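To start, the structure under review is shown below, and the notes come after it.
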Amino acid sequence: MTHKLKDIIKSEVFTGVLLIIATIVSLTIANSRFGQAYNNFFSFPIIGEFNIHLIINDFLMAIFFLYVGLEIKNEILHGRLSSFKKASFPIIAAIGGVLLPAIIFTIINLGTPFSDGIGIPISTDIAFAVGIFMILEHKLNPLLKIFLLSLAVVDDLISILVIGVLYSSHINVWCILISIIILLILLAMNRNKVDNIAAYLLVGLVLWFFIYYSGVHATISGVLLASAIPSKKFKTSKEPMLKRLVHKLEPFCNLLILPLFALSNTDISLDLNANIALDHTLIWGIVAGLVVGKPLGIMLFTWVGTKFNITEKPKGVDWLSVFSVSLLAGIGFTMSIFVSEIAFGDNPELINISKISILSSAVISIIITYIVATLINFYKKKEPNKSNSHK
């Protein structure tokens with residue numbers, strides 16, 4: 001494989017394009033005469049209660065959450081979130097980008113059976129959003145790529161907490177206690193400088209098993225395992241285990257797990273025989289939350305934060321540029337679809353409607369970003385010409 005091909009595969013654009021292709025393939029098959037067979041394939045049992053869909057959503061996504069957890073840990077310890085000055089702007093943006101969509105969704109769905117979907121419009125898909133950013137990079141301020149990444153990382157952390165708190169049910173106390181003991185073993189391994197990735201993953205697998213049967217969503221096991229992975233370099237290795245594991249998981253997550261998740265979770269029926277009159281608040285809650293709430297929350301909270309000197313806008317960046325990028329935060333996709341599966345797990349119709357709303361929001365957000373970024377660039381090019389003509 002040539003270096004150029006390797007660079008393309010490793011790029012954020014490639015991951016974003018791969019997700020788009022997987023979604024289009026899934027939508028096409030699901031709405032063809034092979035739709036039922038496609039659905040039956042993912043429902044095919046592999047081991048006991050675990051079918052292909054469940055293995056992807058509960059096991060493979062736990063590995064993805066391990067990767068996300070490692071990224072968050074690295075950012076907090078050594079990266080863009082390692083100091084208040086570095087972290088304050090994207091953290092405040094993320095808080096606004098979570099609270100406003102949640103408030104909008106709650107207002108629209110107050111007193112309806114859809115209130116469990118509050119976690120759907122609060123997420124931003126890192127891979128998808130950054131992939132679209134790179135596709136539109138000639139229209140967006142390149143300095144804001146770091147802002148978008150940091151925002152999405154904090155966003156994911158909040159989403160993980162929401163999944164752990166809101167979507168855990170029928171708690172098994174014994175499994176929780178055993179999970180705590182296993183986590184303590186992992187932390188003891190870290191403290192005793194055990195520098196063996198396989199050992200951590202093996203104990204992590206046992207942790208996943210007990211978390212799964214505890215009633216807490218199994219993907220949380222990935223985040224707990226990430227918290228125990230050593231971040232310091234031992235004498236026996238060239239670089240910290242955290243970085244080594246991130247390098248190993250990155251292609252596996254971006255090139256396999258996320259496309260598989262898209263293939264198995266976007267088999268959406270576009271034959272809307274559902275009673276839209278009854279479900280319209282769910283649709284509006286998700287679309288308004290993602291398309292309007294996300295950028296509005298980000299802009300409102302960061303603007304107020306700068307006015308009260310809580311944070312400061314990155315140098316070389318204006319508010320119009322921040323607004324362009326904030327629109328991309330409306331791409332919830334992976335996390336939003338994931339939450340919809342958990343929130344409405346016993347109601348395929350509501351899951352289908354939620355997914356259509358999430359996909360529609362992503363498309364709308366991309367189109368609006370393109371239009372707004374184009375208009376802003378046109379405006380900025382026109383301004384110097386005006387000032388020159390007055391001289």
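The values are calculated or read from the model by the stated rules, or taken from the named source; none is laboratory data. These numbers were taken from a predicted model, which means no experiment stands behind them. Glycine also receives a Cβ, built like all others from the backbone with ideal geometry; neighbour counts cover every protein chain displayed. Heads up: the accessible areas ignore ligands, DNA and RNA and are worked out on the full protein's heavy atoms, side chains in. Shrake-Rupley method; radii C 1.70, N 1.55, O 1.52, S 1.80 Å.
A few comments on the model shown:
- Carbon plus sulfur fraction of accessible area for region 198-239, probe 1.4 Å, in percent: 71
- Length available on full extension from LYS238 to SER32: 0.36 nm per residue minus the Cα-Cα distance, which gives 69.0 nm.
- Where TRP174, TRP284, TRP303 fall by accessible area, highest first, once all protein chains stay in place (1.4 Å): TRP174, TRP284, TRP303
- For the chain, hydrophobic long helices are taken as DSSP H runs at least 18 Å long by C-alpha position along their axis with mean Kyte-Doolittle hydropathy of 0.5 or more; these are 12-30, 61-77, 84-109, 144-166, 173-191, 197-212, 294-307.
- Computed magnitude of the charge dipole of region 41-148 (debye, nearest 20; Cβ of K, R +1, Cβ of D, E -1): 560
- Nearest-0.05 FRET efficiency for LEU187 and ILE52, computed from C-beta distance (R0 25 Å): 0.15
- Sequence of GLU239, GLU137, GLU75 when ordered by accessible area, the most exposed leading, probe 1.4 angstrom: GLU137, GLU239, GLU75
- Nearest-20 debye value, the chain charge dipole, Cβ charges on Lys, Arg, Asp, Glu: 2000
- Full extension of the chain segment joining LYS313 with PHE44 gains 91.8 nm, where the gain is 0.36 nm per residue of separation less the Cα-Cα distance.
- Where a label projected 7 Å from the Cα of ILE103 along Cα→Cβ would reach, residues of region 305-335 with amide N under 14 Å: 305
- Taking the charge dipole of the chain about its Cα centre, with +1 at Lys and Arg Cβ atoms and -1 at Asp and Glu Cβ atoms, the residue from HIS53, ASN40, LEU320 reaching farthest to the positive side is LEU320.
- log10 of Debye I(q)/I(0), alpha-carbon scatterers only, for the chain at 0.08, 0.09, 0.12 Å⁻¹: -0.44, -0.55, -0.99
- Here region 307-359 exposes an accessible surface that is 56 percent carbon and sulfur, computed with a 1.4 Å probe and the other protein chains kept in place.
- Relative contact order of region 62-155, pairs being alpha-carbon contacts under 8 Å that are 6 or more residues apart, as %: 39
- Computed E for ASN347/LYS382 - FRET, C-beta separation, R0 51 angstrom, nearest 0.05: 0.50
- Within the chain, helix-based [θ] at 222 nm, where runs of 4 or more DSSP H residues each add -39,500 (n - 2.57), nearest 500: -22000 deg cm²/dmol
- Of the solvent-accessible surface of region 70-144, computed with a 1.4 Å probe and all protein chains present, 69% belongs to carbon and sulfur.
- Taking 18 Å as the cut-off, the amide N atoms of region 212-234 that come nearer than this to a point 7 Å along the Cα-to-beta-carbon line of LEU177 belong to 212-216.
- Length added when fully stretched, LEU166-LEU202, from 0.36 nm per residue minus Cα-Cα: 10.1 nm
- Dipole of the chain computed with +1 at Lys/Arg Cβ and -1 at Asp/Glu Cβ about the Cα centre; of LEU19, ILE108, ALA93, farthest Cα towards the positive end is ALA93.
- 1.4 Å probe accessible area per residue over the chain, in Å²: 49
- Spacing of the modelled spin labels on LEU375 and LEU77, each 7 Å from Cα toward Cβ, amounts to 4.5 nm.
- Student exercise, region 230-387 dipole from Lys, Arg, Asp, Glu Cβ charges, in Debye to nearest 20: 1340
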